[in-house]
Structure formats: structure tokens, C-alpha cells
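The values are calculated or read from the model by the stated rules, or taken from the named source; none is laboratory data. Fair warning: this is a prediction, and the values are worked out from it, not measured in the lab. When we count neighbours, we look across all protein chains shown, and the Cβ atoms used for this are built from the backbone with ideal geometry, even at glycine. Only protein heavy atoms, including side chains, enter the accessible area calculation; ligands, DNA and RNA are left aside. Shrake-Rupley method; radii C 1.70, N 1.55, O 1.52, S 1.80 Å.
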Amino acid sequence: MSEETAVEEYRQYGYRWVVLLVYGIILVAQAVLWLSFAPIESDVEKALGVGSTAIRALALVGPLMFVFIGSYAGDLADRRGFKFAAGVGAVICSVMGIIRAIVPHVVDSGTAQYWLFLVCQAITGAGGVFIVTNMSKMPIKWFREKDRALGIGLATMFFYLGTAAGYLLVTTIAGIPEDAAELGNLAVIQNGLNRVLTVFAVFMAVSTALFFLLAREDPPTPSGPMPEDVKLGVMESLRRFMGSSVFRALATVSLVGYGIYMGMAVTMEKIITFHGFTAKFAASVATAMILGGILGAATLPGVSEKLGLRKPFLILAGLVPIPMMFLIGFVGSKPVDLVAGALLGFFLLAALPVTFTITGEMEDIGPRLAGSAAGTLMAIGSIGSFAIPFLMEAFKREAIRSWSKEAVADYRWAIVFLAALGALAIAVVILWVKETGPRARRKAA
């Protein structure tokens, strides 16, 4: 069963790929679950009879749960193990998925359905937190020390893949005609929504069953060195983390990085249509950004391992997106926008697994507190994902198109604001983040 020997007493097992796969599947499943409504917001708004802001809340309430329970979920993973914590989250998501699928068949009122969906989405988001915070915990246990960044990168790839797949799967499964909302064809819209809810409930339940059947907490023998067992509560862990200047710097990077990504994602339609392009093309640029992020998360951590360095990749995560944002915001060219979106995502989103790897290598955090650290960083990042898009509105202007003479929203100053935040994050990394990669450890030894 052994695949190869890392150091004399450490062995790496081929079964790690099975564990990574079943964990990756529940990462994908929880993502598509909370994205069930976002790609068909206009149709759902018509079917339930509520406003656009209310429908948008169905997608935003899930990530908001990181703010409240991210640290606790990470602490649970550190104390009880990644399989227990992720399993708890998967069960919660499965139960909520089944309830969501049943609601339209037992509740007639669209308003009542909406409030039940909102509660389910909030609880689903909480369950997703318990799953997502193990993106560093699972690879740390199953991968060799020098391959952990690769394992974390692959886990993060599944996380992004769920987001990308969610948009495509919802519209495909729903099969709602584009003019259904305009024609008031509520039966067609409701049937499409019901199909989405049912398919995703089954997907989540099957994924959960596979996870419990095939996932294992630990390999037969350790795959790498693990420090002494540490049992800290949520508040004690948080005080320990925030006492580190390196962790505070990483927290700043997470806050800014999440905010830039979400700000670009939710404003992409307005940024792109400012140049006269369609909303459909704006969705293509957003998809290119996510797909670039998936590729970056899958490849850059491995490059980081080969070079034995972490810090340069965090610097690149801020350095490359800045000109890419300017290209998207100021250059009205379809090929340029698509390439810039892909490169932006490739470097920016790959910062997440690199950040997790650094926390797992820090002396005052390490593998034993990696779950709590990941949960804390994602909670802080979630704050940025809400605050920064709202702050972008303060920089919005109104401009008159020269060729159509119509007034349109102009977010170019908001792009400058995001670029300034990116520059701040780069400075923080350069000044306060210490290199933790293998090359630095060899020098220290």
C-alpha cells in the first residue's frame, strides 16, 4: 500500500487520493448547494414574489456564516479531527438540502417558501463552514511534508470548482426559458427550481455517504512530522493567532484578497457593460476568472514546493491582479478582458492554499492548529467579501457613453480603489510575512 518513503520513519500512502477525492466531492456539493438560486435569481424572484435584494440574500447568507462560526469550526477540526468536523458539516448540508427539496411540495405561499429557503441557506452555509475549514487539515495528515502545499492546492481547487460548476449546473438542470419570467410562466419556473433543489439534495446526500464510507482520519502511519498535541479553545486560539505579526499580516491579505475577488465578481457585469459589451460576455469574463483560479490553485502550490518558497507567491497574488484589473476596467477589448480575467484569478485565488500552507508551517500555529487558523482566516476574509464590494459603491460615478449618449454606471474609480488595496496587501506581505518554506527551514537548520 505504501507508495514511497519520505523520511525514514514517514510513509505516504496511495489511499490519500481516495480521501482527497471524497473530501473534494463534499466541497463541491456544499458549494453548489448554496449557489442553487444565484444563477436564476430573476426567475426565482418572479416565482416567490419577493424583491431582488431578498433573493440576493439567499446566496450571500451562506458565506456570512464564516464570520460567526469560522473559528469554532476550525477549533472543532483541531480537537476532533477533520473527518468528524467535515462529516458534521456534510450531514447538516444533506439535511438542509432534503428540506429545501420538500418545501415547494408542502408550502404553497411564495413568501413562506422564501423564508424557509433563507433559513435553510443560513444553516447550509454553517454546515459548509465545517467542511471548508479542513482544506488544510486533511492534506497535512495525509501528504508528505514537502507535498502538503500540493494537497492543499488540490483541495482548494475542488472548493473553487464547486463555485464554477454551480452556475453551469443550475441553469442546465433548471432548463428555464429566457422569456419565462417575462411571460409569467410560473409553473415552468417552479418546475425548473424544483429540479435543481431535488438533484442537489441527492448529490449532497450521496456525497456525504461516500465521505463517511471511504474517508479515514489518519493514514496507517504518519506521513510527516506532527508537533505535540495542542488543545485550545476558540478564544484562546484567536488570542494566540492575533499575537503573531505574521498571522495578522495573513489576516490582512485574506481580508483584502477576498474583498477584491468578490468585488470584481459581483461588479463584473457593470464593469464590462460600461464598455458596451453584453451581460453574457461579462459572465464569460467572471467564469474565466474562476477557471483561472482553479488552475492556479492546482498548480502554483506545487511550484511553490519545488522552489521551496511561499512568500513570492503571495506577492504575485497582489502584483499580477493590479494591472489585470486596470485592463478589465479601462480597456474595452473582449480578448484582453478574457485573458486579464483568467490571469487575475490564476494568481489571486491561488493565494488561499499558499496562505493555509504558511499557517501550517508556522512554529506558533503548525499542523495541530491549522484548522482553527484556516477558519479564522476565512472568517476575516468573509468580512472583506462583504465590506469591500459595498465600499466600491462609494467610488461609483455616472458617465455618458459617447456613442449612445446614455448614462451608465462607471466603476473605474472603484477599480483604482481595489488596486490601492492590492498594493497595501503587497506591502504587508513584504514587511511582515516571514518565509516558512523548505528553503527557509533548511537555512534555519
For this session: Calculate, for residue 443 and residue 334, the FRET efficiency according to 1/(1 + (r/R0)^6) with r their C-beta to C-beta distance and R0 41 Å; round to the nearest 0.05.
Result: 0.30
Seminar exercise, completed: The answer for segment 345-421, accessible area per residue at 1.4 Å probe in Å², is 38 Å²
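May I ask you to list, by number, the DSSP H helices of the chain whose Cα span along the axis is at least 18 Å and whose average Kyte-Doolittle hydropathy reaches 0.0 or more? Let's see the in-between values first.
Values: long enough: 16-34 (28 Å, 1.96); 52-80 (41 Å, 0.77); 82-106 (36 Å, 1.64); 110-132 (31 Å, 1.33); 148-174 (39 Å, 1.38); 186-214 (42 Å, 1.76); 245-273 (41 Å, 1.12); 279-307 (41 Å, 1.12); 334-348 (21 Å, 1.53); 370-392 (32 Å, 1.44); 412-432 (30 Å, 2.30).
Taking the DSSP H segments of the chain (at least 18 Å long, mean hydropathy at least 0.0), we get 16-34, 52-80, 82-106, 110-132, 148-174, 186-214, 245-273, 279-307, 334-348, 370-392, 412-432.
Considering only protein heavy atoms and a probe of 1.4 Å, how much of the accessible area of the chain is carbon and sulfur, as a whole percent?
Working: 11920 of 18120 Å².
Answer for the chain: carbon and sulfur cover 66 percent of the accessible area.
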Exercise. Hey, rough spin-label estimate for residue 212 and residue 427, points 7 angstrom out along Cα→Cβ, what's it come to in nanometres?
Worked result: 5.2 nm
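Subtract the Cα-Cα distance of residue 409 and residue 434 from 0.36 nm times their separation in residues, and report this length gain in nm to one decimal.
Details: separation 25, 0.36 × 25 = 9.00 nm, distance 4.13 nm.
Fully extending the segment from residue 409 to residue 434 adds 4.9 nm.
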For this session: Measure out, as a whole number of angstrom, how far apart the alpha-carbon centroids of segment 416-437 and segment 27-77 sit.
Result: 30 Å
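Per residue, how many Å² of accessible area does segment 16-164 show with a 1.4 Å probe?
Numbers: 4600 Å² over 149 residues.
Counting only protein heavy atoms, the per-residue value for segment 16-164 is 31 Å².
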Exercise. Which of these, 300, 20, 186, has the largest mean-square fluctuation under a Gaussian network model of the chain (Cα springs below 10 Å)?
Worked result: 186
Problem set entry | Highest-MSF residue in the chain out of 147, 218, 75 [GNM, Cα springs under 10 Å] | 218
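Stretch residue 146-residue 306 to full length: gain in nm at 0.36 nm per residue minus the Cα-Cα span?
Values: separation 160, 0.36 × 160 = 57.60 nm, distance 0.86 nm.
Value of the extension gain: 56.7 nm.
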Seminar exercise, completed: Note: probe point = Cα of residue 172 + 7 Å toward Cβ; backbone nitrogen < 18 Å; residues of segment 35-73 passing the test are 35-40
Exercise. Which residue, 109, 71, 244, tops the fluctuation ranking in a GNM of the chain built on C-alpha contacts under 10 Å?
Worked result: 109
Problem set entry | Virtual spin-label span in nm between residue 280 and residue 396, 7 Å along Cα→Cβ | 2.5 nm
For this session: Subtract the Cα-Cα distance of residue 420 and residue 80 from 0.36 nm times their separation in residues, and report this length gain in nm to one decimal.
Result: 118.3 nm
For this session: Straight distance only, please: which lysines reach the Cα of residue 311 with their own Cα at less than 27 Å, same-chain residues fewer than 8 apart left out?
Result: 137, 141, 146, 434, 443
Problem set entry | Positive-end residue of 67, 99, 281, charge dipole of the chain with Cβ unit charges | 67
For this session: Taking a cut-off of 24 Å between Cα atoms, list the lysines near residue 270, but don't count ones fewer than 8 places away on the same chain.
Result: 46, 280, 334, 396, 405
